[in-house]
Each structure stands twice: as structure tokens, then as C-alpha cells.
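For reference, the structure discussed in these notes is given below.
No value in this document is a laboratory result; all are computed from the given coordinates. This is a predicted model, so every value here is computed, not measured. Cβ sites come from the backbone with ideal geometry, for glycine too, and all protein chains shown count toward neighbours.
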Amino acid sequence: MRQLLLITTLTIPSFFAKAENVKDSLLRIAQTGEIQDRITAYIDLTDFFGYNRSDSALWASKQAVKLASEYGDLELLAQSYKVLGIYYGDVGLYEQAISATYQSIDLFDSINSETLQEDISGSYHNLAWYFVYMEDFERPLDLFHKAMKIIKVADEADSINFAVSLHALGSYHYLYTDNKDSGIYYLEQAIAWRKNLPVTTEEMGQTYVELAQAYLENGDFKNCQSKLEIIKNMDQDVISDYVKNYVLFVEGVKASYVGNHKMALELCQQVYQWGDSTELLRSSVGINLMRYLVDVCENAGAYHLAFNYLEELREIEQQTIYKDRQRTTKALEFEFETARKEQQIDTQKKQLSQSKIILWIIGIGLLIVSILLIWVYKVYQQIKVKNQKIENLMRELHHRVKNNLQVISSLLGLQSMKMNNAEAQKMVAEGKERIRAMALIHQKLYQQEEVSSVNIKEYIENLVNELSQSYGFNEKAEIRLDLINISMDADTSLPLGLIVNEVVSNAFKYAFADIEKPILELKLLQDSTGKYNLSIKDNGIGLPQSFNLEEAQSFGLRLVNILSRQIKGQLEIKNNNGLEYQLTF
């Protein structure tokens with residue numbers, strides 16, 4: 001089962017909705033106040049910006065670190081490094097976030113004050129989640145336990161922090177380890193602690209719904225339902241729409257587990273509609289929800305709906321990958337610009353302070369320029385390495401998708417061996433051919449230097465060759481290919497490949513039954529207007545004169561029609577000494 005959303009988050013200071021005049025006041029203090037007040041103002045500004053302006057929050061935290069280092073106050077410096085780590089993590093620079101957080105812990109430890117134990121515990125929490133986000137699932141458990149050991153439950157505030165640690169441990173276990181029982185245990189303990197603390201109904205609802213999901217993943221439907229009923233009996237006016245829809249999601253999953261596919265479909269579609277109205281679908285949460293919706297639709301037999309959700313999921317996943325890459329690039333650019341501006345300010349100060357000695361000014365200026373050029377070059381190399389890392393990650397993504405599609409194809413093959421119905425075996429075989437066409441796209445993407453486009457000539461040649469061998473026509477039929485040698489993006493290549501797969505497969509299966517010398521002719525050319533023309537022609541038996549593509553009952557022909565519209569193409573099928581498909585797009 002897929003997680004809807006991990007509620008437990010980083011330990012961030014609670015500096016909620018502030019008016020614009022408060023921000024202006026903090027900026028004024030940060031620029032003109034006493035140095036200790038300036039550092040505190042910058043730390044507060046990080047929280048002010050943190051909810052929707054991560055780049056500004058990162059700038060403010062770096063200013064706090066710089067001033068605190070100059071001032072020499074270890075506690076302020078530790079707090080500054082802590083928030084710097086938080087906002088490095090917020091922009092996806094997890095290695096820098098881990099480094100800054102470890103520096104904050106070292107500083108807190110060096111002060112050796114009982115009043116700072118909460119800060120140290122929070123920093124260990126943050127470290128644990130950074131490693132989770134980097135998909136390093138071995139280190140977080142030890143860090144979570146360190147955070148719990150540091151907290152000494154002496155008063156109400158400590159008890160709240162201890163409950164947060166229990167919640168974090170529970171979430172980690174049931175989401176990222178096989179030890180679901182431990183996840184349930186810690187979440188139950190978190191609820192037991194919070195019952196005696198002044199926490200909000202919303203906080204209790206969040207903990208209960210995660211506990212319900214943990215019970216469900218452990219196969220305990222009875223306890224899962226009992227926790228959901230507790231949430232339903234809470235004051236619904238103070239519970240967020242998020243928790244309410246999380247409850248619907250868990251109920252939908254439970255319905256699917258027990259075979260009530262109709263209810264599962266209704267509940268999950270209801271959550272989908274809410275997520276669509278709140279932009280939730282454009283996040284990792286939405287991607288998980290869409291994946292589950294596809295499964296639910298398939299289990300319920302709603303294949304057309306499953307196909308629509310799958311197309312939307314594919315679009316969202318591609319947009320998310322692009323946004324993540326854009327976000328990381330923006331963060332790297334911000335790092336570069338901030339450092340460059342700070343260096344320019346320092347250079348100007350040095351020049352002004354030595355204005356009487358012109359030769360020294362020139363010498364220092366040349367030295368600084370040389371250092372800047374070397375530094376810029378190093379930064380450029382770092383950005384280049386980062387971009388290469390992103391390309392490698394994209395290549396690895398396509399590799400894994402291709403492998404997963406091959407696994408699915410193998411599973412379909414194994415399943416078809418157990419089928420006695422010839423029609424069902426035929427449908428499974430057709431499904432395998434479509435999966436192979438999609439897998440070939442991802443194979444091309446990770447094998448070539450450019451990971452965002454496909455050489456369409458090589459792709460169609462390989463696809464037609466595999467199909468001819470699969471249907472035993474590699475020596476029987478004359479295959480004539482005339483293809484333009486260009487690259488197309490994956491959004492166009494995948495539908496186009498599926499269209500070629502369907503049409504060529506149909507030709508090999510049905511067109512040449514009584515043909516002594518089968519001929520298959522495939523052309524992809526570009527006309528003077530820039531449009532592409534795809535023509536697939538055989539010398540087979542053709543179609544009845546009364547045939548209408550829009551009214552065709554065959555799933556393959558309906559799929560060709562849908563895919564043609566997806567790439568905004570015009571499809572025409574006609575008898576021309578055989579059957580000819582013409583697609584202009």
C-alpha cells in the first residue's frame with residue numbers, strides 16, 4: 001500500500017502568520033540594530049520567509065551564520081546553523097543541510113547547557129529526515145533514538161517534544177521499514193502521551209489517521225476501523241480537510257483489500273477530486289494517490305478510466321521531475337549569486353579603505369579578480385557536476401522504468417500460462433506487445449547521451465524488427481522503411497510508438513492470411529509546412545467498405561484513435577490495394 005502523506009515534518013520554529021509590517025520591522029533591525037539583535041532578527045526572518053520563499057529564507061539564515069560567527073556567540077551561531085540546515089533541506093540540498101545541522105549539534109554540545117537539550121533533540125530529528133529524503137534508510141533509526149534519549153521529561157514542554165519523537169519513530173517504522181509492529185507501538189505511545197497534554201484536535205486527528213494506516217498495512221482491519229471511528233467522532237469543524245480526506249483514502253484502501261471495489265473506487269475518486277481542487281495532485285502526495293487510483297480502477301474493471309488516470313499520472317510525474325530539477329538548479333544559482341554579491345561588497349570595502357594608495361588598490365583588485373575567476377570556475381564545475389548527476393539520475397529513472405515494464409511483461413506471460421481461455425491469452429499477449437513498445441522508449445532514453453528525446457528512426461526500425469520476428473515475418477515479408485532521421489521528445493515518441501505497434505501487429509496478425517508475398521511499407525516524412533506524415537500500408541485483405549474508425553469496437557483501433565488525438569494528429573484509414581493508415585501530426 002502507498003502512503004498518502006507523511007505528516008511528521010522537520011523541527012521548524014513556530015513563527016506563524018506575520019503581517020507585512022512585522023517583516024519590515026525585522027529587516028530594519030537586521031540592518032541597523034545591535035549585532036545580537038541583528039542575528040536574532042535574521043533567524044526570525046528565516047521563519048517568516050520559510051513558508052513560501054525558500055530562497056529568501058536561505059539568504060536570511062546565511063546572514064545569521066555570518067554575523068554570529070563574527071560576534072562569537074556560540075548559542076546564536078548554533079541556532080543559525082540549525083535554521084540554515086532546515087532551509088538547505090527545503091530547497092533539496094540535503095548534503096549541505098546535513099553538514100550545517102551537524103555543525104549546530106557540535107556547537108550546542110560545546111555549550112553544555114540543559115536548556116539546549118530540546119534544540120539538540122530537534123536537530124537530530126531533522127538529520128534523520130534528511131537521510132530519509134536521500135533514501136538512506138539505515139541511519140535515521142539511530143538518529144531518532146538519539147533524539148528521544150536527549151529529552152528528559154521534566155515538564156509539559158518536554159512531554160510534547162517526547163510525543164513528537166514517538167510520532168516520528170512510529171511514522172518512520174511503518175513507512176520505511178518492515179517492522180510495522182514497531183510503527184504501531186510508537187504511534188500508540190504518542191497518542192497516550194498526547195492525551196494528557198494540551199494538544200489540538202487536529203494534532204490528535206493526524207496521529208490517529210497515521211495509526212489507522214499503520215494497522216491497515218499490518219492487516220489489522222478491526223483496529224484500523226476503530227481508529228477511523230475515533231476521528232469521525234471528533235469535532236469535524238476543527239479538523240482540516242486534509243485529515244478528512246486522509247480518512248477517506250484509508251477507508252478506500254481497506255475497501256479494496258476486502259474486495260469492495262465499487263466503494264474503493266468511489267472513495268478514492270472523491271479524494272482525487274479534492275486533491276485536484278487544491279493542487280495536491282501536483283506533488284509527491286498526488287503522484288502516490290494517482291498510482292493507487294490506477295490500481296483501483298483496474299481492480300474494478302474500469303479500464304478506460306484507468307487509462308485516463310495513467311495518462312494524467314504520466315504527465316504529473318514528468319512535470320514533477322522537471323520542477324525538482326528546476327528547483328535544485330535555482331538553489332545552486334542562488335548560492336552562486338549570494339556568494340558573488342558578498343564577495344563584491346567585500347571588494348568594494350577594501351578598495352574604499354585603501355583609496356590613498358592607488359597602486360595597492362590596483363594590485364589588490366587584480367588579486368581579487370583572479371581569485372574570483374578561479375572561484376567562479378570552481379562553482380561552474382560544481383554546477384556542471386550537479387547537472388551531470390541530475391542527468392545520471394534521469395538515466396537511472398528510465399532504466400528502472402524499463403526494467404519494471406519488463407517485469408510486468410514477464411508477470412503477464414506467467415499469468416497467461418495459467419489461462420484456459422484463448423481470448424484472454426490473446427488479450428494478455430497484446431498487452432505484452434504494448435508494454436514492450438513502451439519499454440523500448442525508456443531503453444533508448446537511458447542508452448543515449450540525450451535523456452529527454454528519442455531518435456525516432458532507430459526506435460521505429462527496432463520496433464518493427466522485433467514485431468516481425470515475434471510474428472514470424474522476418475523472412476516471409478518484404479518490409480520497406482522510409483523514415484526521417486530526427487529526434488522527438490518522449491511525449492510524442494511514446495504515443496507514436498504505440499500507434500506503430502498496434503497497426504503493424506494488426507497487419508502481421510490479420511492482413512496476410514492468404515497473401516503469397518506479404519509487403520509492409522512504413523514511411524515517416526516531414527512536409528513543407530513542418531507537419532509529419534506517417535503512412536503504414538500493407539497489401540493484405542483490407543477492411544469492409546462500411547468500416548468507421550469512430551465506431552470501431554476493437555480495443556487496439558480505439559487505442560490508435562485515442563493516441564492520435566493525444567498528439568493532435570489526424571488519422572485516416574482507407575483501402576488502397578490493401579489497408580493504409582495515414583496519420584498527420
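Counting pairs of Cα atoms in region 476-585, how many percent are more than 18 Å apart? Value for region 476-585 (Cα pairs over 18 Å): 48 percent. Between I562 and K66, the modelled labels are 5.6 nm apart [label points 7 Å from Cα along Cα→Cβ]. Applying Stokes-Einstein at 10 °C and 1.306 mPa s to the Kirkwood radius of region 58-184, computed over alpha-carbon pairs, gives a translational diffusion coefficient of 105 µm² s⁻¹.
Evaluated over the Cα positions of region 15-111, the convex hull gives a direction-averaged projected area, one quarter of its surface, of 5.8 nm². Inter-label distance, A513 to E266: 4.5 nm, where each label sits 7 Å from its Cα along the C-beta direction. Maximal additional length on extending the S159-T200 stretch stands at 13.3 nm, based on 0.36 nm per residue less the C-alpha distance.
Note that region 124-261, at 37 °C in a medium of 0.692 mPa s, gets a Stokes-Einstein diffusion coefficient of 210 µm²/s from its Kirkwood radius over C-alpha pairs.
Measuring nothing but how far apart in sequence close Cα pairs (under 8 Å, 6+ apart) lie, relative to its length, region 15-111 scores a relative contact order of 21 percent. Between V376 and L74, the FRET efficiency estimated from the beta carbon spacing at R0 = 30 angstrom works out to 0.35.
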